[in-house]
Amino acid sequence: MQNERAQKYLPIAVVALIVIVVLAAVVFIIQRPNSSEEEVAALEATRPGDTTLSGDAAAIAQARGLTPDDVVAALKTYMPTGQLDEYVLFGSGGHSGQVLVVGLPSMRLLKVIAVFTPEPWQGWGYGAESTMDILAGGDINGQPVTWADTHHPALSETNGEYDGQFLFIGDKANSRVAVIDLRDFETKQILKNPVAINDHGGTFVTPNTEWVVEGGQYAAPLGWEYASLEGYAEDYRGLVTFWKFDRETGRINPEESFAMELPPYWQDLCDAGKKVSEGWVFCNSINTEMGTGGIELGNPPFEASTTQRDMDYLHIFNLDRAAEVAAAGNVVEVNGFNVIPLETAIDEGLLYFAPEPKSPHGVDVTPGGEYMVVAGKLDPHVTVYSFAKIQAAIEAGNLETDDYGVPILNFDDVMEAQVELGLGPLHTQFDNQGYAYTSLFLDSAVARWSLGGPYDELNSDPGWALVAKESVHYNIGHLVTAEGDTASPDGNYLVSLNKWSVDRFLNVGPLLPQNFQLIDISQPGDNLQLLYDMPIGVGEPHYAQIIKADKLQAWEVYPEIGWDPHSQSVDPTAAQLGQERIERNGDTVEIWMTAVRSHFTPERIEIKQGDHVIWHITNVERARDATHGFAIPGYNINLSIEPGESITIEFDATQDGVFSYYCTEFCSALHLEMTGYLLVQP
Ligand code: RUQ
Ligand code: CUA
């Protein structure tokens with residue numbers, strides 16, 4: 001009945017919507033003679049000819065004070081119900097410790113994936129054994145750490161293209177790395193770096209995801225040991241870590257992973273070479289001054305001492321050769337983890353420096369792999385390095401070294417171009433038109449500039465030059481373009497990840513949301529259009545990657561009943577329909593329970609105080625979205641059991657009493673009746 005009505009009214013609604021939008025646009029174009037010709041053309045191109053609703057449309061647009069640009073922006077982002085987004089953005093959730101999943105261009109929040117922080121809706125860290133195990137992988141010296149400062153998500157790649165299989169995310173605060181399987185959008189592994197206590201939250205993948213690169217940050221004694229700051233130059237060290245990823249198991253293998261000892265500069269962000277530069281990795285650094293702070297002792301503060309020099313060092317790693325050196329056992333062990341000593345790195349030609357101006361932040365490899373782009377926070381330029389020139393300079397040899405003996409390539413020998421963009425340049429992304437985009441923190445703007453070289457055939461004569469600037473609101477950190485870190489970026493959209501929103505949203509008190517701003521970058525030249533502001537009210541998001549939505553092939557329900565998402569296979573101990581039961585073995589009670597709309601089987605469970613309980617629950621549904629929750633009051637237990645999934649919880653029945661367990665997802669008309677009694681006799 002409802003369907004028939006929907007079918008009857010759908011075409012009318014669609015036509016009415018188009019008419020409203022087109023008429024609003026036309027009315028405003030007529031009212032505003034300064035609107036551009038392209039806008040007029042774009043709007044008129046969609047005119048269907050029906051004018052019956054013109055009065056309403058004009059009135060709505062006028063009442064809302066919408067300009068023709070606003071109407072165009074609405075047309076480009078509005079998503080009718082049931083229509084699906086073209087791209088998916090995976091954004092770090094900052095201090096929330098989670099990952100944000102956002103559809104583009106609608107900017108609708110689709111999910112917050114639980115990673116480092118317990119999350120009740122997903123039953124993440126509230127009793128489900130596998131989630132407790134994964135979270136425990138991030139414990140530090142036996143201490144649970146239940147938050148993270150997630151920074152840089154990285155999608156897995158095949159031949160330099162996002163393949164939609166896995167997502168990695170790093171925790172800056174605690175130097176941890178997580179692996180998310182994009183078949184079910186669930187976290188499968190959390191690893192603590194055994195050598196570094198914190199880092200810059202980096203995960204950066206090589207073009208075939210053999211390695212997940214974790215940059216460093218604040219130098220410290222390796223292995224979390226103590227050493228006085230007086231001995232900084234001798235006892236403190238920088239670090240880069242190369243985690244070996246095994247696509248078959250979907251896990252990082254720590255035994256085959258290794259780190260490299262570096263001078264005690266503050267290594268920062270990295271990017272893996274691709275195509276011509278595949279096999280190499282590049283990381284920027286700051287504080288080559290080796291400032292150690294102490295403002296309260298009369299020393300210059302960090303912000304002054306770390307910015308003395310005009311140049312820091314771009315770190316250039318020969319990863320392929322480093323992997324051979326590590327595999328050959330040319331390592332020392334720190335907390336059981338393989339580390340290539342600095343001396344070995346130098347002797348084996350694994351590490352080179354190139355000077356980089358000035359207090360740089362990040363390095364980004366161009367889609368073809370020919371160039372490395374570095375932006376200096378205190379220099380209005382981006383500096384472009386040529387991989388070919390780097391190779392030639394290494395080949396030529398005869399290099400000076402830093403105090404630790406690391407060879408330094410001559411700046412003029414390896415620099416390809418410097419492009420003046422504006423104040424506070426930070427991070428760079430790329431598109432399919434031969435442009436690069438760099439965030440300008442101090443200008444609060446996105447700079448579009450042309451990449452000379454490989455894209456010449458796409459532009460008449462771009463050279464290396466600033467093309468356009470678009471204001472953002474405000475204080476942009478990272479920016480991200482669609483498929484922007486791949487060997488063949490899509491362009492089309494750019495999201496500016498703004499640290500401040502100031503006046504963009506309703507006041508919600510002194511702690512304001514951050515602002516993801518969507519920008520249309522599909523047109524050439526200075527034609528960039530700001531389309532949408534999305535408030536981010538969790539954590540401080542840092543970086544994001546955007547993948548074409550059709551590359552994601554997530555399951556709609558788990559493949560078979562009794563599925564364990566941890567092993568991604570059927571759990572042999574899972575409860576199955578018709579085999580529900582309760583078994584006692586001494587003081588241990590084991591329960592096999594199924595969940596289906598709208599009951600749990602069994603519904604009565606009688607045990608004794610002090611019993612050890614092992615409880616398997618399988619959601620035997622095959623219908624999409626038929627998730628059941630499971631909560632036991634007083635025991636801090638809450639599960640999300642998705643169709644097909646099997647979950648095991650284990651606890652000691654320390655409290656006596658009557659506990660009504662119930663389903664926490666509104667799954668059916670008789671959802672309230674989806675309950676049962678856990679009776680714990682004293
Ligand atoms: S960083 S805002 Cu922590 Cu990726 Cu540059
Ligand atoms: Cu199952 Cu509500």
Report task. Sort the range 276-391 into rounded, prolate or oblate with this rule: let a ≥ b ≥ c be the square roots of the eigenvalues of the Cα gyration tensor; rounded if a/c is under 1.5, and if a/c is not under 1.5, prolate when a/b is larger than b/c, oblate otherwise. Result -> oblate
Report summary line: the range 358-480: spread of alpha-carbon positions along the three principal axes, whole Å, largest first, is 47, 35, 20
Report task. Keeping all protein chains in place, calculate the accessible area per residue for the chain (probe 1.4 angstrom), answer in Å². Result -> 42 Å²
Report task. Could you tell me the distance between the Cα centroids of the range 607-682 and the range 575-601, to the nearest Å? Result -> 10 Å
Query raised in the report: What do you reckon, how do 332, 365 stack up by accessible area (1.4 Å probe), largest on top?
Result: 332, 365
Report summary line: Once the dipole of the chain is set up from charges on Cβ (+1 Lys and Arg, -1 Asp and Glu), the residue from the list 174, 346, 578 lying farthest towards its positive end is 578
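Quote the charge dipole size of the range 539-604 about the Cα centre in Debye, to the nearest 20; the model charges only the Cβ of Lys and Arg (+1) and of Asp and Glu (-1). Working shown, then result.
Numbers: 6 positive and 11 negative charges, 38 e Å.
Using Cβ point charges on Lys, Arg, Asp and Glu, the range 539-604 gives about 180 debye.
Could you rank the peptides 162-169, 581-588 by their average count of other C-beta atoms within 10 Å per residue, with the highest value first?
162-169, 581-588
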Requested in this report: For residue 188, list the lysines whose Cα falls under 18 Å from its own Cα; do not include residues on the same chain fewer than 8 positions away.
Outcome: 111, 244
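Give the peptides 609-618, 662-671 in descending order of average Cβ contacts within 10 Å, highest first.
Values: 609-618: 19.5, 662-671: 16.7.
Going from most to least packed, we get 609-618, 662-671.
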Report task. Check the straight Cα-Cα distances from residue 358 and name the lysines below 24 Å, setting aside those fewer than 8 residues away within the same chain. Result -> 172, 377, 389, 469, 499
Requested in this report: State to the nearest 20 debye the size of the charge dipole of the chain about its Cα centre, where the only charges are +1 on K and R beta carbons and -1 on D and E beta carbons.
Outcome: 2100 debye
Requested in this report: With a 1.4 Å probe and every protein chain kept in, tell me what percent of the accessible surface of the chain is carbon plus sulfur.
Outcome: 52 percent
Query raised in the report: Kirkwood Rh, the chain, all Cα pairs: how many Å?
Result: 27.5 Å
Report summary line: Cys residues of the chain with no disulfide-compatible partner (no other Cys Cβ under 4.7 Å) are 663, 667
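Give me the compactness ratio for the range 69-209, meaning the Cα radius of gyration over 2.2 N^0.38 Å.
1.15
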Query raised in the report: Once you sort the root eigenvalues of the Cα gyration tensor of the range 439-585 as a ≥ b ≥ c, which label holds: rounded (a/c under 1.5), prolate (a/b larger than b/c) or oblate (the other case)?
Result: oblate
Query raised in the report: Hey, can you list the DSSP H helices of the chain whose Cα span along the axis is 27 Å or longer and whose average Kyte-Doolittle score is at least -1.0?
Result: 2-31
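Report D for the range 580-682 in µm² per second (integer): Stokes-Einstein, Kirkwood Rh on Cα pairs, 4 °C, 1.567 mPa s.
On the way: Rh = 13.6 Å.
This corresponds to a translational diffusion coefficient of 95 µm²/s.
The values are calculated or read from the model by the stated rules, or taken from the named source; none is laboratory data. This is a predicted model, so every value here is computed, not measured. Neighbour counts run over all protein chains shown; Cβ positions are idealised from the backbone, glycine included. Remember, those area values only see protein heavy atoms, side chains included, never the ligands or the DNA or RNA. Shrake-Rupley method; radii C 1.70, N 1.55, O 1.52, S 1.80 Å.
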